[in-house]
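To start, the structure under review is shown below, and the notes come after it.
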Amino acid sequence: MSDLKIDYLIGVYQYFNPFPEEERGSAYYLLYLLDQRGVLEKEDAKNLFKENNPDYDLKSKWIGPFESLDNINQFAFLLCEKLDAQKISLLSVPEYNGLLEQTLHASDFHRDLLEKGNIIENIDKKDKSFFQKLFR
Amino acid sequence: MLVVSLTTPVPRDIDSVFPGENWFFYWKTAASLWRIKLQEFPGMRIIVPLNWSFHSETGDSFDFDEHRPETNLLKLVEIATEVGKKVVFFLPVTPAPFLPNGGLPHFLARGLALNKEGMAYGLIDTDDNLIKIYSFFDPRVFEGFNRFVKSLGKYFLDNGINSDIWGLSCGFFENGSYKSFLEDSSNVYEQAFSRFLVTKKGKDQVLSPLEEKQYAFEFNKSMHELYATNARESIGPSFEGVLDVAFLGTSTEKFLKRLYGTLSTRDYSEEIYEALAKDIIPSSVMVPSRSKKGVLLRELNDLVANSYLPARLENTSYDQVGGASFAPLCFFKVYEKIDGLSSMFQNWDHIHLWDFLRFRFGWNYKIISSEKLKLQNDKISLNDNIHFFHGHDVDREMFSFIIRTFLNAGKIILNRSGLSEDLNKKLETFFLENNLTVEKVNFLTSIQNVILGDGRLIIFDGEELMSKEKASHDEFWNKIIETFALVHVPIENAEGIDYYWRTRGAQSNELNFEEIRRLSLYNPTSYRKKLKMNLMKNFVVYKVIDEMNVSVHTAPNEVEIELDPEGSVVLDFGVFS
């Protein structure tokens with residue numbers, strides 16, 4: 001696991017069927033993960049997913065399938081805990097596309113990805129921060 | 001006398017007006033400054049991409065100097081000629097990532113084009129503005145494009161502008177695969193595709209996912225051809241053809257990296273070599289100037305702007321060895337069928353062919369599509385290349401090319417996995433009819449070796465090899481390629497180094513040599529790198545040029561090169577028998 005501190009995560013997910021020829025049906029997949037430094041290698045997230053999904057192929061391009069939005073939210077929370085991030089901003093691809101279409105500058109889009117997603121906070125980390133402040 | 005001195009620094013417009021590889025964005029500067037800027041420009045050839053949106057007043061009328069002097073392309077050509085430059089126009093026939101809205105006039109930019117994952121294409125120009133790509137599958141876009149190219153063609157004809165015009169097909173690299181910005185999965189696309197399917201399938205016919213995928217490929221290809229054909233017919237004899245261009249750093253992943261400022265030199269440079277291996281022109285016009293320096297800039301100048309791109313625009317066969325200028329040194333040609341389906345079945349990755357070729361030979365191979373093979377069948381130079389074929393890709397046409405190549409002393413490696421039963425039988429019949437001895441050996445997989453004069457045909461079972469570990473694949477390829485005794489000098493300890501071999505015939509004042517091989521080495525890492533080359537007896541260091549942060553030590557049979565971070569050097573080797 002990376003030793004560099006992760007403040008926040010951004011996840012972009014899509015509901016689709018990437019393997020129509022295999023007749024699998026649509027599901028949710030995490031397409032991209034970012035942190036405050038940029039695109040995150042998905043290795044840790046893939047390993048985490050595999051812990052509960054032994055059949056998952058680690059060479060797969062995406063993380064999934066997740067059956068429901070609840071499942072992907074739960075995974076996002078676990079990922080936050082595993083990577084010790086304060087929060088994760090989850091955006092669906094339509095939300096991502098909407099932000100892209102209405103934004104003119106790269107810096108604004110960068111900010112919006114974090115602020116305009118569905119924010120899931122790592123409560124444990126938040127509490128620790130509070131206590132750390134209290135006993136400083 | 002009043003002397004006025006400027007105190008405000010004049011911003012360098014190297015990014016915005018001259019974004020890379022001799023491109024000139026005429027709309028980004030006042031027409032009154034064209035002469036000065038073109039005069040200062042060091043190159044002889046100016047590439048002018050045409051900005052459809054810039055010339056569009058309404059949907060029906062176009063501005064070619066009726067209202068804005070910056071739309072006066074005739075004046076641009078005249079000024080360029082007066083200052084000794086030659087103009088080549090690029091006309092986008094797909095969405096163009098370097099133009100707002102991908103090149104569409106604002107009134108046509110309606111439906112965002114989406115990639116296969118449903119994500120909108122996002123791009124960042126050199127001023128850090130976001131560029132969005134809109135669907136070219138909207139019939140209104142197609143009609144609008146037709147009107148524009150007709151007006152453009154008439155304007156060129158009426159004004160006697162006979163500069164070359166190339167159609168520009170814009171794409172990007174994603175995980176080693178070249179994708180077009182035309183590719184779309186939006187609702188606009190789906191509606192157009194549905195209309196296409198109605199013409200193709202029976203009324204109640206239900207297509208399997210594979211059939212639909214194949215039709216989707218056919219549909220995309222036909223749309224691409226429609227735009228290109230309309231351009232060609234409207235422009236006339238000045239239309240030279242369509243060029244595939246890969247814009248560095250423009251995939252979705254690279255866009256996200258760029259958003260956070262984490263794109264590295266290696267992210268860009270790898271795409272340069274991927275493009276050269278596939279005969280696609282790499283373009284750095286989307287790369288910000290703060291990244292385009294040092295080793296990356298030298299690679300772009302050496303390998304693209306001053307060599308590959310001019311050769312493509314002159315329509316010279318860049319692969320022809322023996323000319324006065326350097327051509328890529330190509331040991332291997334790997335043939336691929338591109339039909340939207342084959343890549344699902346044939347995959348050299350599974351037996352680590354690409355890893356092996358890149359490790360031992362760098363990027364000195366070519367990937368040739370079945371389309372190109374059909375178009376240039378009689379012109380494909382056999383040289384001493386080793387030709388790779390995958391059984392899944394081999395149809396009758398490719399099969400007859402294989403046999404013809406073998407009979408003409410060519411060297412073939414055929415992975416028989418996926419080869420049809422019919423073609424397998426044809427192969428056996430060919431061996432029998434020509435009394436050819438088929439040597440059979442089992443080394444990690446079953447291998448057949450057939451020799452006819454200087455021709456060699458090696459057939460192996462890829463399926464069986466796939467089940468082995470990567471180390472076995474490396475061993476397999478090492479052994480097979482060793483049997484060809486290629487005249488080549490490997491570079492030791494080259495990990496992390498970018499390098500590219502080129503070749504030309506010896507000139508009359510280089511009588512000792514039969515061939516000159518040029519090795520360009522670049523160190524994009526932040527570490528000093530020490531390389532060593534043990535020279536074969538028929539290799540001699542002939543010249544060392546363009547040394548930058550490097551020291552080169554030559555001895556009779558070896559060369560040691562120490563490249564500092566951002567160091568580079570070019571070595572010419574004389575090769576003789």
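The values are calculated or read from the model by the stated rules, or taken from the named source; none is laboratory data. The shown structure was predicted, so the numbers you read here are calculated from the model rather than taken from an experiment. Counting neighbours? That spans all protein chains shown, and the Cβs are built from the backbone with ideal geometry, glycine included.
Collect the residues in region A:20-33 that are within 18 Å of B:MET119 (Cβ to Cβ) and either more than 7 Å from chain B (Cβ to nearest Cβ) or acidic (Asp, Glu) (or both), keeping them in residue-number order. Answer for region A:20-33, where residues must be within 18 Å of B:MET119 (Cβ to Cβ) and either more than 7 Å from chain B (Cβ to nearest Cβ) or acidic (Asp, Glu) (or both): A:SER26, A:ALA27, A:TYR28, A:TYR29, A:LEU30, A:LEU33.
The conditions of being more than 19 Å from B:CYS170 (Cβ to Cβ), part of a loop (DSSP other than H, G, I, E, B) and either modelled with pLDDT of 95 or more or not aliphatic (A, V, I, L, M) (or both) are not met by B:THR94. Evaluating B:ARG110 against the criteria (1) within 30 Å of A:SER92 (Cα to Cα); (2) outside any loop (DSSP other than H, G, I, E, B) leaves one unmet condition, (2). Residue-level check: of (1) in contact (Cβ under 8 Å) with a residue 12 or more places away in the chain; (2) over 19 Å from B:GLU566 (Cβ atoms), B:GLU314 misses just (1).
Taking B:PRO237, is it surrounded by fewer than 19 Cβ atoms within 10 Å (Cβ to Cβ) and within 13 Å of another protein chain (Cβ to nearest Cβ)?
When the stated conditions are applied, B:PRO237 does not pass them.
Contact annotation: residue pairs with Cβ atoms under 7 Å, 6 or more positions apart or on different chains, pairing a residue in region B:464-479 that is assigned to a helix (DSSP H, G or I) with a partner that is of a type in the set (Val, Ile, Thr), are B:GLU464/B:THR445; B:LEU465/B:ILE351; B:LEU465/B:THR445; B:MET466/B:ILE351; B:HIS473/B:ILE351. Being modelled with pLDDT of 90 or more and out of contact with any Gly (no Cβ under 6 Å at 6 or more places or on another chain) is a property that B:LEU511 lacks.
Is it the case that B:VAL304 is at negative phi, within 13 Å of the chain's Cα centre (by Cα), part of a strand (DSSP E or B) and crowded, with 21+ Cβ neighbours inside 10 Å? No. When the residues of region B:118-157 are filtered to those that are of a type in the set (Val, Ile, Thr) and more than 14 Å from chain A (Cβ to nearest Cβ), the one that is nearest to B:ILE235 (Cα to Cα) is B:VAL149.
Of the residues B:SER264, B:SER284, B:SER251, which is of a type in the set (S, T, N, Q), within 25 Å of the chain's Cα centre (by Cα), within 14 Å of chain A (Cβ to nearest Cβ) and under 30 Å from B:ASP546 (Cβ atoms)? Before you say what the answer is, go through the steps one by one.
Details: B:SER284 fails: within 14 Å of chain A (Cβ to nearest Cβ); B:SER251 fails: under 30 Å from B:ASP546 (Cβ atoms).
Just a single option satisfies the conditions, and that option is B:SER264.
Going by what's in this entry, would B:GLY496 be described as part of a loop (DSSP other than H, G, I, E, B) and in contact (Cβ under 8 Å) with a residue 12 or more places away in the chain? Steps first, please.
Working: part of a loop (DSSP other than H, G, I, E, B): yes; in contact (Cβ under 8 Å) with a residue 12 or more places away in the chain: yes.
Here the answer is yes, as B:GLY496 does meet what is asked.
For A:GLY11, state whether it is closer than 19 Å to B:LEU259 by Cβ and either of a type in the set (A, V, I, L, M) or more than 10 Å from chain B (Cβ to nearest Cβ) (or both). Please lay out each step first, then the result.
On the way: closer than 19 Å to B:LEU259 by Cβ: yes; either of a type in the set (A, V, I, L, M) or more than 10 Å from chain B (Cβ to nearest Cβ) (or both): yes.
Yes: the conditions hold for A:GLY11.
Scan region B:49-91 for residues that are farther than 16 Å from B:SER151 by Cα, over 31 Å from the mean Cα position of the chain (by Cα) and outside any loop (DSSP other than H, G, I, E, B) and the total you get is 6.
Could we say that B:ILE491 is at pLDDT below 95 and out of contact with any Gly (no Cβ under 6 Å at 6 or more places or on another chain) here?
Yes.
Is it the case, given these coordinates, that B:VAL149 is part of a strand (DSSP E or B) and in contact with a helix residue (DSSP H, G or I) (Cβ under 9 Å, 6 or more places away or on another chain)? Criteria not met by B:VAL149. For region A:85-111, the tally of residues that are under 15 Å from the mean Cα position of the chain (by Cα), facing chain B (nearest Cβ under 7 Å) and β-branched (Val, Ile, Thr) stands at 1.
Of everything in region B:166-212 that is in contact with an Asp or Glu (Cβ under 6 Å, 6 or more places away or on another chain) and surrounded by 15 or more Cβ atoms within 10 Å (Cβ to Cβ), the residue that is farthest from the other protein chains (Cβ to nearest Cβ) is B:TRP166.
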